[in-house]
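Quick notes on the structure that follows.
Computed from the coordinates by the stated procedures, all read-outs in this text should not be read as laboratory data. Just so it is clear, the structure is predicted and the values come from calculations on it, not from any experiment. FYI the Cβ positions are ideal-geometry reconstructions off the backbone, even for glycines, and counts take in every protein chain you see.
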C-alpha cells in the first residue's frame, strides 16, 4: 500500500504542480483582461511553478489530504488582484466573481483535455506510467475545481458567492477569512473534504464518456 501511494505521488507531482499553476495564471489572466495588471506586474503570469508555490498549500495540504482522505487537495500562492484597477465599466464585485471563476474553469478545461489523453493512452499506448499520469491529472483537476468552489474564504467559491449576496454579508466572509485556513486544514485532516468525491465522480464519468465514444464508438 505504501509503495502504491509513493508511486502515485512520484508520478503525480508534475500534473499536480501544473494544474495548480494554471489555476493561478487563469486568475491573473482574467484580471488582466478586466484591466488589472497587478499579477502581470508581479511576474505571476508564468507557468514557472517557482513563482506560484506555497509551502503549505502546495506541499503539506496535498500530502495530508492524500494520506488521510485518499485524494489530493491543494493550491498555489494566490495571485494578487486589485479590483480598483478594473476598467470603469466593470463593477468590482462582478469583476471579482469573474476572476474567481476563472481558476476552477481552467481546471475543468484541463480535466477534459486529460480525459481525452487518458483514453487515447489507454487505447493506443497502454503504458502504466503514462495512463496513471493522465488519470491523476484528470481526477486532480476535477477535485481542484470542486475544492476551490467550496465557499470558505479565501477559496474561490467564497468570492463567487459574495457576488450574488447583498453587500451586508461581506462582513461575514471578511471575518471568516481570518480563520479560513484553519477551517480548511480541519476539514482536510478529518477527511471531510472526501465528500467532494461524490460530484467529482459524476463529472469524471461525464468527461470520460465523450473520448470513449470517439475512440471506441
**Message:** How much length would be gained if the chain were fully extended between residue 192 and residue 84, taking 0.36 nm per residue of separation minus their Cα-Cα distance, in nm to one decimal?
**Reply:** 35.3 nm
**Message:** Taking 0.36 nm per residue of sequence separation and subtracting the Cα-Cα distance, how much length would be gained by fully extending the chain between residue 213 and residue 53, in nm to one decimal?
**Reply:** 53.9 nm
**Message:** Compute the angle between helix 92-124 and the longest alpha-carbon principal axis of the chain, please, reported from 0 to 90 degrees and rounded to the nearest 10.
**Reply:** 10 degrees
**Message:** Step by step: find N for the chain, compute 2.2 N^0.38 Å, then divide the Cα radius of gyration by it. What's the final number?
**Reply:** 1.05
**Asked** How far is helix 170-189 tilted off the main Cα axis of the chain, in degrees rounded to 10, range 0 to 90?
**Response** 20 degrees
**Item:** Centre separation in Å (Cα based) which lies between segment 149-217 and segment 29-49
**Value:** 23 Å
**Prompt:** Normalized C-alpha radius of gyration of segment 147-217, against 2.2 N^0.38 Å?
**Reply:** 1.52
**Complete:** Fewest to most Cβ atoms within 10 Å: 23, 52 sort as 52, 23
**Fill in**
The exposure ranking of 99, 61, fewest beta-carbon neighbours within 10 Å first, is 61, 99
**Asked** So, in nm, how far is label residue 168 from label residue 18 when the simple model puts each one 7 Å beyond its Cα toward the Cβ?
**Response** 4.9 nm
**Message:** Per DSSP helix of 4 or more residues, -39500 (n - 2.57); summed, then divided by the residues of the chain. What does that give at 222 nm, rounded to the nearest 500?
**Reply:** -23500 deg cm²/dmol
**Prompt:** residue 10 label point, 7 Å along Cα→Cβ, cut-off 18 Å on backbone N: hits in segment 96-130?
**Reply:** 127-130
**Prompt:** To the nearest 10 degrees, how steep is helix 197-216 against the longest Cα principal axis of the chain, on a 0 to 90 scale?
**Reply:** 60 degrees
**Complete:** Proxy exposure order for 175, 132 (fewest C-beta within 10 Å first) is 175, 132
